[in-house]
Amino acid sequence: MSEIDIAIIGGGPTGLAAGLYAARARRRTVLWERGVLGGQIALTSLVENYPGFADGVLGPDLAIDMQRQAESFGMETVYGGVDRLRREPGYWVLATSEGEVRARAVIVAAGADPVKLGVPGEEALTGRGVSYCATCDAAFFGGEVVAVVGGGDAAVEEALFTTRYARHVYLIHRRDRLRASAVLQQRALAHERIEPLWDTVVEEVAAGPDGQVASLALRHVASGSRRDLPVAGVFIFIGHRPSTELLRGLVPLDGGGHAYVNLWMETGQPGLFAAGEVRVDSARQLATAAGDGVTAAVRAEHYLQQYVD
Amino acid sequence: MSHPADTTDDTFDQDVVKSDLPVMVDFWAPWCGPCRMVAPIVEELADEYEGRVKFVKLNTDENPRIAGQYGIRSIPTLLVFKGGQPVGQIVGFRPKSDLAKHLEAALV
């Protein structure tokens, strides 16, 4: 069984920042990523609110640079998942797709996954008109009519982005007002090709004869009335759920599945940290995600010096 | 690292449909962030399956005909071809082990 100092689970900004600090402290550091590096910033286009980038920075560019920076100090990246985590005296044992690994400290930075609508047709039509990434897929809907579901910042931003290609964009929200920030709301509601559909939920995504999305079955929440809305695509942004399955049973989680930690990102289990969107009370911003990763790595280093070295 | 070769609307038939080996096609575009993030995973697979599976990538901006023909509405999408027919489709980013499973299925 291979042995490392610090295991980092998740390759978003939190994990990459933790990896930078851990590796730069000359700890043998391995980061596991089960999807793509960068996490949610890999899905964004221009990041305008990360301090120090006055002209904005492309999310994927930033992610690639963060990885390069951490690897320049010796962090290793493994593209694979960690299935289970168990405690043995002095170690955490990670069960990975390529065997077991012993780590003296573990930083869980697995982030959050997009919430699905959970309606018929959604899963089968993913990639055939159902999308969770307008930045990736809007260009395939040039001149067509599409819908964006959600009312937060992500939904409104993506609705605005989608207007670059689509002829008309319905913004479907289950409430009668948006949750998004004032600036975004103003931009969206003033946009001639964005049409909000208030108090409305999607009950089904239906395909046409070509096997691609053709319409949505909608229900008006207040009146209960139903109707079909012809669209070629639907972009879903109704929030995220923390990826904390690994921590279940090991540390206390709140009702939403977030891990309780203290201000050092400590979970209460020796050498086990939870940082970024997996923890309670996260501001869920790129800068705070990176900050969480740094805090966890600094404390993990302290833990190794204090109790292990 | 093996870098998958580019295929185009014009060469797709030759590169993919008529290939003796199974082929994994990576549909991507320059503006697609996640596509860039998927690339290193595909390159690792290309190394591991060298000689058994052919890897190519298709820029959907420059080659809309093939992207349209196979109903690509989301990128990154990976299609696995065997005997000229698509036998597996992977939309979005998934763990490397999931991608490998699709390849293994095509190799049987």
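General remarks:
- The range A:202-234: number of residues that are surrounded by 14 or more Cβ atoms within 10 Å (Cβ to Cβ) and either closer than 30 Å to A:Asn49 by Cβ or within 14 Å of chain B (Cβ to nearest Cβ) (or both): 10
- B:Asp26 meets each of the listed conditions (1) in a helix (DSSP H, G or I); (2) within 28 Å of A:Gly39 (Cβ to Cβ); (3) among the acidic types (Asp, Glu) apart from (1).
- Residues located in the range A:1-20, provided they are closer than 20 Å to A:Ile41 by Cα and over 12 Å from the mean Cα position of the chain (by Cα): A:Ile8, A:Ile9, A:Gly15, A:Leu16, A:Ala17, A:Ala18, A:Gly19, A:Leu20
- Just so you know, in the range A:121-154 the residues that are in a helix (DSSP H, G or I) and among the acidic types (Asp, Glu) include one that is nearest to the other protein chains (Cβ to nearest Cβ), and it is A:Asp137.
Let's see how each residue does on (1) assigned to a strand (DSSP E or B); (2) among the β-branched types (Val, Ile, Thr); (3) over 27 Å from A:Val82 (Cβ atoms):
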| position | (1), (2), (3) |
| --- | --- |
| B:Leu58 | yes, no, yes |
| B:Ala67 | no, no, yes |
| B:Gly71 | no, no, yes |
| B:Val80 | yes, yes, no |
| B:Gln89 | yes, no, no |
| B:Arg94 | no, no, no |
| B:Ala100 | no, no, no |
| B:Glu104 | no, no, no |
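- Contact annotation: residue pairs with Cβ atoms under 6 Å, 6 or more positions apart or on different chains, pairing a residue in the range B:26-40 that is facing chain A (nearest Cβ under 7 Å) with a partner that is outside any helix (DSSP H, G or I) and modelled with pLDDT under 85, are B:Pro34/A:Val36; B:Pro34/B:Phe93; B:Met37/A:Val36; B:Val38/A:Val36; B:Val38/B:Phe93.
Let's see how each residue does on (1) buried (at least 21 other Cβ atoms within 10 Å of the Cβ); (2) touching a residue at least 24 places away in the same chain (Cβ under 8 Å):
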residue	(1), (2)
B:Asp47	no, yes
B:Lys54	yes, yes
B:Leu58	yes, yes
B:Ser74	yes, no
B:Leu78	yes, yes
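- Checking A:Ala182 against (1) within 18 Å of B:Ser74 (Cα to Cα); (2) surrounded by fewer than 19 Cβ atoms within 10 Å (Cβ to Cβ), the condition it does not meet: (1)
- Inter-residue pairs, beta-carbon under 7 Å, first within 20 Å of A:Gly142 (Cα to Cα) and in the range A:168-181, second basic (Lys, Arg), 6+ apart: A:His168/A:Arg193; A:Val169/A:Arg193
- Residue list for the range A:73-120, restricted to those being of a type in the set (Lys, Arg) and either within 11 Å of chain B (Cβ to nearest Cβ) or over 23 Å from the mean Cα position of the chain (by Cα) (or both): A:Arg86, A:Arg87, A:Arg102, A:Arg104
- Among (1) closer than 17 Å to A:Val202 by Cα; (2) under 19 Å from the mean Cα position of the chain (by Cα); (3) among the hydrophobic types (A, V, I, L, M, F, W, C), the one test that A:Val146 misses: (2)
- When restricted to residues that are closer than 23 Å to A:Arg241 by Cβ and either part of a loop (DSSP other than H, G, I, E, B) or more than 11 Å from every other protein chain (Cβ to nearest Cβ) (or both), the range A:8-46 contains 18.
- Taken together, the criteria exclude B:Val87 from residues that are within 14 Å of chain A (Cβ to nearest Cβ) and of a type in the set (A, V, I, L, M, F, W, C).
- Condition met for B:Glu50 (over 19 Å from A:Tyr132 (Cα atoms), acidic (Asp, Glu) and not in a loop (DSSP other than H, G, I, E, B)): no
- Note on the range A:7-22: residues that are among the aliphatic types (A, V, I, L, M) and farther than 17 Å from A:Arg102 by Cα amount to 4.
- Residues (farther than 28 Å from A:Gln285 by Cα and part of a loop (DSSP other than H, G, I, E, B)) located in the range A:84-120: A:Pro89, A:Gly90, A:Ser97, A:Glu98, A:Val119, A:Pro120
The values are calculated or read from the model by the stated rules, or taken from the named source; none is laboratory data. Bear in mind that the values here come from a model prediction, so they are computed numbers and not experimental data. Every residue, glycine as well, gets a Cβ built from its backbone with ideal geometry; the counts of neighbours run over all protein chains shown.
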